[in-house]
1. With +1 on the Cβ of every Lys and Arg and -1 on the Cβ of every Asp and Glu, and nothing else charged, how large is the dipole of chain B about its Cα centre, in debye rounded to the nearest 20?
2. Can you tell me what percent of all Cα-Cα pairs in segment B:230-288 are more than 18 Å apart?
3. Determine the relative contact order of chain B: mean sequence separation of Cα pairs under 8 Å and six or more apart, normalised by residue count, in whole percent.
4. Under the Cβ-under-4.7 Å rule, which cysteines of the protein assembly as shown stay unpaired?
5. At 222 nm, what value in deg cm²/dmol follows for chain B if DSSP H runs of at least 4 each add -39500 (n - 2.57) and the sum is divided by all its residues, to the nearest 500?
6. Considering the dipole of chain A built from charges on the beta carbon (Lys and Arg +1, Asp and Glu -1) around the Cα centre, which of A:Gly309, A:Pro243, A:His20 is farthest to its positive end?
7. Looking at chain B, which longest stretch skips every one of the GluC sites (Glu not before Pro) that is in a DSSP loop with at most 14 other Cβ atoms within 10 Å, leaving the sites themselves out?
8. Between segment A:25-57 and segment B:57-82, what's the alpha-carbon centroid distance in Å?
Amino acid sequence: MGNFQFLPEQASTLAPEVDHLLYFLVAVTVFFSVVIFSTIFYFAIRYRRRSANEMPDAHQAHNGYTLEIIWSVIPFGITLVMFTWGASVFFTASRPPKDALQIYAVGKRWMWKLEHVEGQREINELHIPVGRPVRLTMTSEDVIHSFFVPAFRTKQDVVPGRYTSTWFTPTKTGKYHLFCAEFCGTKHSGMVGWIYVMEPNDYQTWLSGGATEGSLAENGKKLFEQLACSNCHKDDTTGRCPPLPNLFGSQVKLAGGGTVKADEAYIRESILQPQAKVVAGYEPVMPTFQGLISEEQVLQLVEYVKSIGPKPGTGPADSGQNPAKKPSTAGSMPANR
Amino acid sequence: MDTAVAQERENYLNASHGLKSWLLTKDHKRIGLLYLFTITLFFFIGGAFATLIRIELLSPQGNMVSSETYNKLFTMHAVAMIFFFMIPSIPAVLGNFFLPIMIGARDLAFPKLNLLSWYLLVIGGAFSLFAMIAGGVDTGWTFYTPYSTTYSNSWVIATALGIFIAGFSSILTGLNFIVTVHRMRAPGMTWFRMPLFVWANYATSLIQVLGTPVLAVTIVLLFVERVFQLGIFDPARGGDPVLFQHLFWFYSHPAVYIMVLPGMGVISEIISTFSRKTVFGYAFIAFSSVAIAVLGFLVWGHHMFVSGQSLYASMVFSFLSYFVAIPSAIKVFNWTATLYKGSISYQTPMLYAFGFIGLFTIGGLTGLFLAALGMDIHVTDTYFVVAHFHYIMVGGTMMAYLGGMHFWWPKMTGRMYPEGWAKLSSLVIFLGFNLTFFPQFILGYLGMPRRYHLYPAEFQVLNVMSTAGASILAVGYAMPMIYFIWSLKYGKVAPMNPWGATGLEWRTASPPPVHNFEQTPIVTHEAYDYTSVPAEEIEVV
Ligand code: HEM
Ligand SMILES: [Cu+2]
Ligand SMILES: [Cu+2]
């Protein structure tokens, strides 16, 4: 048994914000509970029945709705504050900064697979540097899971068939619980792990230690050739297929009108369900790779397409880290949203 | 059940005898009792699962049952409690019995349909029970896809079929109540003279009729995907897993109001009777029930804030959730105001009503935490949510149900329950409840996820507290079970109107005759007009 505490550790920039909201909500709750309970208590004593046939003074009908209106409007005003405050915290929590360190996570019954763009892979452990925003792009190979780090006050469902993302900036080095928060079957409660928040130097050492089989993008490039993507997708516009360099982060015109932003989810969909959104000016001849490659391989391909995307400062980019560069140069991404 | 006194006068209990006279009865009062037996059985089944869960959670390593079994325990606990106890509880037992009497009707509009509804619940219950005995189901009561359709190796279909069938019971009961309220009111029983319990059940019926079909459709889709392997929810087959959540919560959020509105109706009756005052702001309470029923259909997305649903959708659902909380707040304030200058007595039903207000207030206020987007990210799918809904459903509805059972027991059986024991039970339940569930708020904020068989050792202290509370709670629930049965034979004979209450149910004998009234009552005054109660009845208390 550990020592007793009321709040989990605050280890991210979000944590104090959520806790402040908690204090406010607790204060409102205590206030209303005390008002209601003491009023009831007072009335119950003050107006207790003194004789069996006692009757309250006549049958006092009350006219007008002044009181009701007062006690509808005041609580409504207070809930508006709760709404606005809660929404603003949520807004921050949903918008990753552009210079965030990109990590990929794949949930699978019953483990977390975490991949750094540099190629390090971890299972049920994640090493990250302190003080730097980290963005996770996540998917699942089977059922819905949920990535939950109480010390960071973040949680995000990890859904098969699509990418979801979350982000946080750790503020304290240490070791924190990672839980799966969405019921996923027999060993749901065993789908847990640790987040290690390290000093940036230690993190660099950690990154360079340990054998990797190449960065995600390098592996993606190999796959791109093995799967014969490169037979169709050339680097110029001569083929019957759209070129992929500089695609990431751009607006793609679709056949049948409309545009879509080429983010990770779009690239993933283009590979697994090419017919879902067809690029304007091309025939829908790309074969589907659904069922032929694993989620991790899809991630490698996505990361490869990102790596041949616009370089920082030269064009639109959304998020994530260019693996060709050192992490420290990524601060100067252009804001295009 | 027959007694010297009851035999003197013909009533619904002694008018006919034998099992057949019960199983084929069309009398809404007898059907109410059939429901009472059925849901009590399910309450004890659900309670047995809960006991095992709490014992298992005494230790973080989970050394009593396997994880597989643990997952089945919490699933079957919730299925039994929600679909076969909570949802039918107040409407099908107390509503069935009293709604017609309270509006001066001889029966519900469709007595045979009413009997059919009970059979549907029994058949549905039998399917689910079969699934439990055959091997159990491990998906959680929420049946999230694609786990439930593709991965679970347990009795998903049998359980879901049971819930599907029970859903029709709920729909038909709702329909019956709606038609009864529209068509069967006694002369003079205008809409705004109806007791608030009737209003509450009317609003509940609207939800049952409008919402439950969506649950039925959802279950059919689940069935189709699981059995015929069609891709509806499983992305590996081209489906959308989050679609299931939308469909499920479109029913299941309104369903939380199916579970709490009737309880609010009971509380209005009790508070008025035991303070001898008309309910403050009658019309506001009546309309707030209907408002809750309607607005409750617009907030399902607050269960999905971290599901990947769009940011703006989440903001709308958060806002509307606050909106729907206001009518509940109004009710609490109005009940409090009802006490002002009343003549308050502390009989058992009133103690339960106080308990309800206290626990419902905390449950409702913590709902406001969950509706705050930034807060929900952290506490969703943790024990905080578990505590929230137990405060409302067990702290609120269960308290109201027990309060209502004590309030109307004399009318249903013709016997008084033992007051001293009953007061004690309400106290034990209140204390046991808080010790069980309050620590779970803290556990949740600390980060303990729900549905966890194994958990980190630092959460143990709070879990042990919770289990200790649950043991007290179990004693508290056993008590009424015992003294209610005892009172059937040894209880004091109940007078017609033991509480000096105003409703029409107190203007007929205890227990009521088969057709409820010797002659059709004519209503001449407002609900809760205590000047209309004959003086000699007032003095009985
Ligand atoms: C007073 C207004 C209420 C508000 C604002 C509210 C809000 C919420 C929210 C936002 C959630 C989702 C929490 C999450 O999963 O993260 C929730 C869960 C829940 N609430 Fe409430 N609630 C209220 C009243 C009620 C009532 C009256 C009931 C039942 C009678 C109820 C029963 C539940 C249940 C059963 C769940 C959890 C379902 C599950 O995930 O298994 N709530 N509530
Ligand atoms: Cu899980
Ligand atoms: Cu809800």
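1. Magnitude of the dipole: close to 580 debye.
2. So the portion of pairs separated by more than 18 Å is 58 percent.
3. Dividing the mean separation by the residue count of chain B yields 18 percent.
4. For the protein assembly as shown, the answer is A:Cys180, A:Cys184, A:Cys229, because their Cβ atoms have no other cysteine Cβ under 4.7 Å.
5. Computed ellipticity for chain B at 222 nm equals -21500 deg cm²/dmol.
6. In chain A, that residue is A:His20.
7. Values: sites that count: B:Glu10, B:Glu518, B:Glu539.
Longest stretch, sites excluded: B:11-517.
8. Their Cα centres are 40 Å away from one another.
Bear in mind that the values in this text are calculations on the coordinates, not laboratory data. Note that the coordinates shown come from a computational prediction; the quantities given were computed from them, not determined experimentally. So basically every Cβ, Gly included, is an ideal-geometry build from the backbone, and we count neighbours across all protein chains shown.
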